[in-house]
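So the structure is just underneath, and the comments pick up after that.
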Amino acid sequence: MIALSVNNLRAGYDPDLAIVKGVSFDVNKGEALCILGPNGAGKSTLIKAMAGLVPSFGGTVRLGPRDVTGLTPHLLVRSGLGFVPQTDNIFTRLTIRENLQIASQLVARSERQRRIDAMLAMFPDLGERPGELAGALSGGQRQMLAAARALLTEPDVLILDEPSAGLSPKLVGQVFDTLRRISEAGVTLVLVEQNVRAALALTPRALVLVDGHLAHDGPSNALHDGALLGELFLGRRGAEQPA
């Protein structure tokens with residue numbers, strides 16, 4: 001079953017200067033997919049367009065059978081899309097519990113406490129200190145809280161933008177352990193990531209975006225030796241058909 005379908009999507013900040021140039025791919029329910037590419041390739045613009053944060057000028061985005069192209073972020077969350085931005089993804093002056101309580105306003109009142117408790121149980125580092133200010137958390141714990149806020153709405157698809165950005169190697173490991181547990185719980189994951197090795201180890205399938213175009217779509221293990229990935233990043237290889 002297809003959870004997310006992107007078809008010929010064009011997006012950016014100026015209709016005459018599209019950053020994402022006709023990208024198409026599908027993500028199956030429960031699949032984990034990473035989007036790689038050199039700086040400036042359009043990776044973050046692509047997922048922000050999918051999340052309603054960047055204008056799209058053509059093409060479609062579908063969640064399951066529903067066309068959600070152009071919906072506002074608020075409506076996309078209600079439609080089943082969770083998005084974790086790279087920065088400004090938690091309220092640092094609020095406690096862990098208060099961050100989750102704000103996210104819970106998007107679900108039925110009768111469900112709120114159950115879902116907050118479920119997130120605190122899923123992330124023990126947070127569950128041990130629900131009254132602590134989010135601003136006092138480590139970088140890895142902040143990313144856990146950001147993921148918990150997005151998961152609280154029980155999205156069909158969770159999209160993350162550079163979850164390891166700016167973290168130490170130890171904290172990167174913690175974040176990817178968390179993402180692995182989320183994936184193993186059956187959540188459909190799509191992530192943009194510059195830590196290629198960690199992303200390929202987590203996700204069985206990878207896309208490579210080059211200059212706004214889809215240059216590769218196939219199994220992650222095809223990219224493990226780095227040769228093909230290097231060719232794609234350096235633009236010496238033409239676009240391939242999806243594997």
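The values are calculated or read from the model by the stated rules, or taken from the named source; none is laboratory data. Owing to the predicted nature of the structure, the values given are computational and were not obtained by experimental measurement. Cβ sites come from the backbone with ideal geometry, for glycine too, and all protein chains shown count toward neighbours.
Quick notes
- Each residue in the stretch 120-134 was checked for being among the small types (Gly, Ala, Ser), assigned to a loop (DSSP other than H, G, I, E, B) and within 25 Å of the chain's Cα centre (by Cα), and 0 of them qualify.
Each row is one residue, and each column tells you yes or no for (1) closer than 18 Å to Ser79 by Cα; (2) in contact with a Ser or Thr (Cβ under 8 Å, 6 or more places away or on another chain).
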{"residue": "Asp117", "(1), (2)": "no, no"}
{"residue": "Ala121", "(1), (2)": "no, no"}
{"residue": "Pro124", "(1), (2)": "no, no"}
{"residue": "Pro130", "(1), (2)": "no, yes"}
{"residue": "Gly135", "(1), (2)": "no, yes"}
{"residue": "Ser138", "(1), (2)": "no, no"}
{"residue": "Ala146", "(1), (2)": "no, no"}
{"residue": "Val157", "(1), (2)": "yes, yes"}
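- Residues located in the stretch 1-12, provided they are of a type outside the set (Val, Ile, Thr) and modelled with pLDDT of 95 or more: Ala3, Leu4, Ser5, Asn7, Asn8, Leu9, Arg10, Ala11, Gly12
- For the stretch 61-91, a tally of residues being charged (D, E, K, R) and either in contact with a Pro (Cβ under 7 Å, 6 or more places away or on another chain) or in a strand (DSSP E or B) (or both) returns 3.
- The criterion of being surrounded by 23 or more Cβ atoms within 10 Å (Cβ to Cβ) and over 28 Å from Thr45 (Cα atoms) does not hold for Met144.
- Between Gly64, Gly70, the distinction of being of a type outside the set (A, V, I, L, M), under 16 Å from Asp14 (Cα atoms) and surrounded by fewer than 21 Cβ atoms within 10 Å (Cβ to Cβ) belongs to Gly70 only.
- Picking from residues in the stretch 87-106 that are within 21 Å of the chain's Cα centre (by Cα) and closer than 20 Å to Leu75 by Cβ, the one that is surrounded by the fewest Cβ atoms within 10 Å (Cβ to Cβ) is Leu106.
- Of all the residues in the stretch 1-21, those that are out of contact with any strand residue (DSSP E or B) (no Cβ under 8 Å at 6 or more places or on another chain) and either in a strand (DSSP E or B) or not aromatic (Phe, Trp, Tyr) (or both) number 3.
- Condition met for Leu76 (out of contact with any helix residue (DSSP H, G or I) (no Cβ under 7 Å at 6 or more places or on another chain) and within 24 Å of Ala134 (Cβ to Cβ)): yes
- Residues of the stretch 45-60 include none that is under 16 Å from Val190 (Cβ atoms), in contact (Cβ under 8 Å) with a residue 60 or more places away in the chain, part of a strand (DSSP E or B) and not charged (D, E, K, R).
- Some residue of the stretch 168-177 being within 13 Å of the chain's Cα centre (by Cα), at pLDDT 95 or above and farther than 18 Å from Arg78 by Cβ: no
- Selection count where residues are farther than 11 Å from Leu209 by Cβ and surrounded by 14 or more Cβ atoms within 10 Å (Cβ to Cβ), scope the stretch 8-26: 8
- Qualifying residues in the stretch 92-118 (those that are polar (S, T, N, Q) and not in a strand (DSSP E or B)) - the one farthest from Val157 (Cα to Cα): Thr92
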